[in-house]
Amino acid sequence: EAKRSGRNRARFFLPEMHHQVQERVTIQQGIGAAITENQLFLEYQPIFDLNTRTMIGAEALLRWKHPEKGKLEPDTFIPIVEESDQIGNLTRWIIQQVCDDLHSQPVLSKALKLTINISSVILNQPELAQQLNNTLRHIRRPHQQICLEITETSLMKNLDNTLPLLKQWKEAGYSIWIDDFGTGYSSLSYLARLPIDGVKIDRSFINDFENSKPVIEAILALAETMQLLVVSEGIEEPTQQQALTEMGCTFGQGYLLSGPVDFSRLNEIFTHAENSKSPSNNKI
Ligand code: C2E
Ligand code: MG
Ligand code: MG
Ligand code: MG
């Protein structure tokens, strides 16, 4: 009996497991070629001050144009790359690309912050900070122009090791934000000790605004007490933007304001946002 169900189970599970292993291998082997053969590119999603309607920065988001699979979403391959030693190469590529993009647009204001998503597993490579320092010096851009986003989940997994590294990045002049805040069970006692500038409220709360309002209020109150800045992610509806502004959330990001765009469009959006501060103009 047991043997038979065991065999059935094996028959049932193996193809699926095989498929997942295959998928991992394809991605882990493919990412190297993706880097060298220019299959990767970045899009940038603007972040706005909800009160003044100015663009304050933009988040770099990775895209992979896979030769067979087409455009791959970062959520489908970054977690797999993070489990391999390729994450170092990938992060170096992203840092270099962000700096190249910055360098390509000398008119883009130095007041704009570019944020880079970074996995906490990679923070422990001191040469990454060195690479960023060197490249920024080379293109004559201040460290203050770069901001790191680390997801709450990845941060809390490995806090004791990460804390001294975060301090080093912070002391070098980079801002640090906690991404997807509210989903990762932060220890409040730790939060006070982290050298962070702000938190990004996870878009799941903004999505489900009516039910999540108490949570958003709690995060805003916490941030005020701790003197942290707050960005709301995933704003899609004018009512959400309005309510968040009234609740005292300063910054926002989302399809309503702007989706991710080519780097070359940022200056245009920045200039447009600057010029359309009048409250009668509903479009940011
Ligand atoms: P994230 O850092 O929380 O990035 C925000 C994600 O929400 C992006 O998806 C963005 O396109 C999407 N988004 C923005 N506004 C809206 C909206 O109004 N509605 C909805 N439904 N979605 C919105 P994307 O580009 O697919 O990235 C997904 C995740 O992949 C990111 O989440 C981040 O964790 C990771 N990721 C992206 N680029 C990188 C990278 O360069 N390095 C690392 N380590 N992770 C990255
Ligand atoms: Mg992010
Ligand atoms: Mg996020
Ligand atoms: Mg995310």
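Derivation of every value follows stated rules applied to the coordinates shown; laboratory data play no part. As the structure is a prediction and not an experimental result, all values here were calculated from the model. Neighbour counts are summed over all protein chains in view; Cβ atoms, including those assigned to glycine, are modelled from backbone coordinates with ideal geometry.
Among DSSP beta bridges whose residues both lie in the chain, state the antiparallel percentage, nearest 5.
Antiparallel bridges make up about 40 percent of those DSSP assigns within the chain.
Using mean Cβ contacts within 10 Å as the protection proxy, how do 112-119, 54-61 order, highest first? Please list the in-between numbers first.
Details: 112-119: 20.4, 54-61: 22.0.
Answer by packing, highest mean first, reads 54-61, 112-119.
Given Lys69/Lys167; Lys113/Lys213; Lys113/Lys157; Lys69/Lys170; Lys110/Lys167; Lys110/Lys200, which pairs have Cα atoms separated by over 30 Å?
Details: Lys69/Lys167 40 Å; Lys113/Lys213 28 Å; Lys113/Lys157 27 Å; Lys69/Lys170 38 Å; Lys110/Lys167 24 Å; Lys110/Lys200 22 Å.
Those over the limit are Lys69/Lys167; Lys69/Lys170.
Rounded to two decimal places and with Rh computed the Kirkwood way over Cα pairs, what is Rg over Rh for segment 104-169?
Values: Rg = 13.3 Å, Rh = 13.1 Å.
Expressed as Rg/Rh, it is 1.02.
Return the sequence-ordered ³J(HN,Hα) values of segment 80-94 in whole Hz as given by the Karplus equation 6.51 cos²θ - 1.76 cosθ + 1.60 applied to θ = phi - 60°, using x for Gly and Pro.
Once θ is set to phi - 60°, the couplings for segment 80-94 become 6, 5, 4, 8, 10, 7, 6, 4, x, 4, 5, 5, 4, 4, 5 Hz.
What FRET efficiency do you get for Ser109 and Ser189 if R0 is 45 Å and r is their Cβ-Cβ distance, rounded to the nearest 0.05?
On the way: r = 38 Å, r/R0 = 0.84.
About 0.75, to the nearest 0.05.
Which FRET efficiency value, to the nearest 0.05, is calculated for His138 and Lys213 with the Förster distance at 41 angstrom and r the Cβ-Cβ distance?
After rounding to 0.05, the efficiency reads 0.30.
In sequence order, what are the phi-derived ³J(HN,Hα) couplings for segment 137-154 according to the Karplus relation 6.51 cos²θ - 1.76 cosθ + 1.60 with θ = phi - 60°, rounded to whole Hz, with x for glycine and proline?
4, 4, 9, 6, 10, x, 4, 4, 7, 10, 10, 9, 10, 10, 5, 4, 4, 5
In µm²/s, what is D for the chain at 4 °C and 1.567 mPa s, where D = kT/(6 pi eta Rh) by Stokes-Einstein and Rh is the Kirkwood radius from Cα pairs?
Details: Rh = 20.5 Å.
In µm²/s, the coefficient is 63.
Could you rank the peptides 158-167, 250-259, 67-76 by their average count of other C-beta atoms within 10 Å per residue, with the highest value first? Don't jump to the answer; show the numbers that get you there.
Working: 158-167: 14.6, 250-259: 20.0, 67-76: 10.7.
Descending packing order for the listed peptides: 250-259, 158-167, 67-76.
Report the one residue of Ser212, Pro142, Gly234 whose Cα lies farthest in the direction of the positive end of the charge dipole of the chain (charges on C-beta: Lys and Arg +1, Asp and Glu -1; origin at the Cα centre).
Ranked along the dipole, the leading option is Pro142.
Quick check on the chain: helices-only [θ] at 222 nm, where DSSP H runs of length 4 and up contribute -39,500 (n - 2.57) each and the sum goes over total residues. Nearest 500, please.
-16000 deg cm²/dmol
Using unit Cβ charges (K, R positive; D, E negative) and no other charged atoms, how large, in debye to the nearest 20, is the dipole of the chain about its Cα centre? The partial results should precede the final answer.
Values: 27 positive and 35 negative charges, 109 e Å.
So the dipole magnitude of the chain works out to roughly 520 debye.
For Gly57, list long-range residues whose amide hydrogen, built 1.01 Å from N in the peptide plane, is under 5 Å from its own amide hydrogen.
Hits under the 5 Å cutoff: Ile47, Lys113.
Nothing charged except the Cβ atoms of Lys and Arg (+1) and of Asp and Glu (-1): what's the magnitude of the dipole of segment 46-132 about its Cα centre? Round to the nearest 20 debye. Don't skip to the answer; put the middle values down first.
Working: 8 positive and 11 negative charges, 75 e Å.
Using Cβ point charges on Lys, Arg, Asp and Glu, segment 46-132 gives about 360 debye.
What is the set of long-range amide H partners of Phe251 at a cut-off below 5 Å, with H atoms built 1.01 Å from backbone N?
Leu50, Val230, Ser232
Just how far, in whole angstrom, is segment 119-143 from segment 195-215 if you go by their alpha carbon centroids?
Going from one Cα centre to the other spans 29 Å.
List residues of segment 48-72, by number, whose backbone nitrogen lies under 19 Å from a label position 7 Å along Cα→C-beta of Arg265.
It comes to 48-49, 54-65, 71-72, nothing else.
So what's the net charge close to Ile118: Lys and Arg +1, Asp and Glu -1, counting the other residues with Cβ under 11 Å from its Cβ? Numbers along the way, then the final one.
Numbers: positive: none; negative: Glu82, Glu149, Asp179.
Counting the neighbours of Ile118, the net charge comes to -3.
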